[in-house]
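I have placed the structure first, in the form of structure tokens, so that the comments after it can refer back to it.
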Amino acid sequence: MEHPGTDREVPVGELLTGRAAIVTGAGAGIGAGIARAFARHGARVVVVDVDGARAAAVAGSVTDAGGEALAVTADVCEEAKVAALVTATLEAFGRIDVLVNNVGHYLGGGGPFVDSTPQDWSALYRVNLEQVLRVTHAVLPAMIRQGDGGSIVNLTTVEAFRGIPHHPVYAAMKAGVVQFSKSLALDLSEHGIRVNDIAPDVTRSRQLPYERWLTPEDEARIPSWVPLGRLGEPADPAGVAVFLASDLSAFVTGTTIHCDGGTYAAGGWYRTSHGPRSWTNRPHDP
């Protein structure tokens, strides 16, 4: 089934010409959308993914379109792999101007916190927060040494700003990304390196395959769930990432851009098509 915005891509431009950008988790979904959008604006892109075939496919699509890309197979939770990633990037492109920490995962269906284990918490920390610290720490020496600034973009989630049943540890780790970004932005301001977040919601990705989850009845309810009336596509956060990586956001640091079709702003309000009110915060069957 086709959906509004499904085939939309970030327009071609020159906002990132000559810059070298690392995008983690770029083998599919939002990460792939960001990598392709960066390339469409002239960036040389390092496509990083734990799945080497997926990374190679995305990098190939960039080069087929006339761009420059390097595919790197790496689990960014592993220190040695991250060090090798930085080395490969510098060998290929000589510099690192942009880092997008896109990797993250809620790791399953969740459940009551009382039933979780320290091993569960450690796994969520490792994939959602620790790897952001690790990759950023590895990239910063080169970015600082270059002496001409840079941009770090971290992917968090709307769930870092509101409660989510059965996923309290995941939400805590994503909220940790937000606070890390704010404070790191202050630390790096003297170097002209900006740090910002993107917080998506209801966006199609490999982890959130809405087309497999939603019934026709659910599809009809999307305008009541999402103020802008559709689900997000990878091109939506990708466009925000291009803005944050480019000089268009030269005076923006330490903040979060919510890319969610208005769901965070709605805060539990739903559009309705019946009755005298057009919105309700007491949905009968949202």
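The values are calculated or read from the model by the stated rules, or taken from the named source; none is laboratory data. A quick note: this is a predicted structure, and the numbers were derived from the prediction, not measured. Cβ placement follows ideal geometry from the backbone for every residue including glycine, while neighbour counts extend to all protein chains displayed.
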(message) Looking at the structure I just gave you, is GLN119 in contact with a Ser or Thr (Cβ under 9 Å, 6 or more places away or on another chain) and assigned to a helix (DSSP H, G or I)?
(response) no
(message) Just to verify a result, which residue in region 178-204, among those that are among the small types (Gly, Ala, Ser) and surrounded by fewer than 23 Cβ atoms within 10 Å (Cβ to Cβ), is nearest to PRO234 (Cα to Cα)?
(response) ALA185
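Here is a yes/no grid of residues against (1) modelled with pLDDT of 95 or more; (2) of a type outside the set (A, V, I, L, M, F, W, C):
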site: VAL153; (1), (2): yes, no
site: GLY176; (1), (2): yes, yes
site: PHE180; (1), (2): yes, no
site: GLU190; (1), (2): yes, yes
site: ARG206; (1), (2): no, yes
site: ALA220; (1), (2): no, no
site: PRO223; (1), (2): no, yes
site: GLY229; (1), (2): no, yes
(message) What's the number of the only condition in (1) farther than 26 Å from PRO200 by Cα; (2) of a type outside the set (A, V, I, L, M); (3) in a helix (DSSP H, G or I) that GLY18 fails to meet?
(response) (3)
(request) Hey, can you tell me all the residues within region 168-222 that are among the polar types (S, T, N, Q) and within 30 Å of PRO118 (Cβ to Cβ)? (result) GLN179, SER181, SER183, SER205, GLN207
(message) Name the single residue that is surrounded by the fewest Cβ atoms within 10 Å (Cβ to Cβ) among those in region 1-47 being at pLDDT 95 or above and of a type in the set (S, T, N, Q).
(response) THR17
(message) Only one of ALA175, ALA171 is closer than 20 Å to ALA123 by Cα and surrounded by 18 or more Cβ atoms within 10 Å (Cβ to Cβ). Can you tell me which?
(response) ALA171
(request) Pick out the one residue from VAL72, VAL100, VAL127 that is out of contact with any strand residue (DSSP E or B) (no Cβ under 6 Å at 6 or more places or on another chain), in contact (Cβ under 8 Å) with a residue 24 or more places away in the chain and β-branched (Val, Ile, Thr). (result) VAL127
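Each row is one residue, and each column tells you yes or no for (1) under 20 Å from the mean Cα position of the chain (by Cα); (2) surrounded by fewer than 16 Cβ atoms within 10 Å (Cβ to Cβ); (3) touching a residue at least 60 places away in the same chain (Cβ under 8 Å).
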| site | (1), (2), (3) |
| --- | --- |
| ALA56 | yes, no, no |
| THR63 | no, yes, no |
| GLU68 | no, no, no |
| VAL76 | yes, no, no |
| HIS105 | yes, yes, yes |
| GLY109 | no, yes, no |
(request) Scan region 149-173 for residues that are out of contact with any Gly (no Cβ under 7 Å at 6 or more places or on another chain) and under 23 Å from ALA21 (Cα atoms) and jot them down. (result) GLY150, SER151, ILE152, VAL153, ASN154, THR156, THR157
(request) Please state which of the following conditions ALA142 fails to meet, knowing it meets all the rest: (1) over 19 Å from ASP75 (Cβ atoms); (2) in contact with an Asp or Glu (Cβ under 8 Å, 6 or more places away or on another chain); (3) part of a helix (DSSP H, G or I). (result) (2)
(message) Out of everything in region 128-166 that is in contact with a Leu (Cβ under 9 Å, 6 or more places away or on another chain) and farther than 21 Å from PHE38 by Cβ, what residue ends up being surrounded by the fewest Cβ atoms within 10 Å (Cβ to Cβ)?
(response) ILE144
(message) Can you tell me how many residues within region 145-163 are assigned to a helix (DSSP H, G or I) and among the basic types (Lys, Arg)?
(response) 1
(request) Assess whether GLY254 counts as being closer than 13 Å to ILE34 by Cα and surrounded by fewer than 23 Cβ atoms within 10 Å (Cβ to Cβ). (result) no
(request) Pick out, from region 183-286, the helices (runs of 4 or more DSSP H) lying fully within it that include 2 or more residues that are touching a residue at least 24 places away in the same chain (Cβ under 8 Å). (result) 216-225, 235-245, 263-266
(request) Tell me, please, whether a residue that is at pLDDT 95 or above, charged (D, E, K, R) and assigned to a loop (DSSP other than H, G, I, E, B) can be found in region 122-136. (result) no
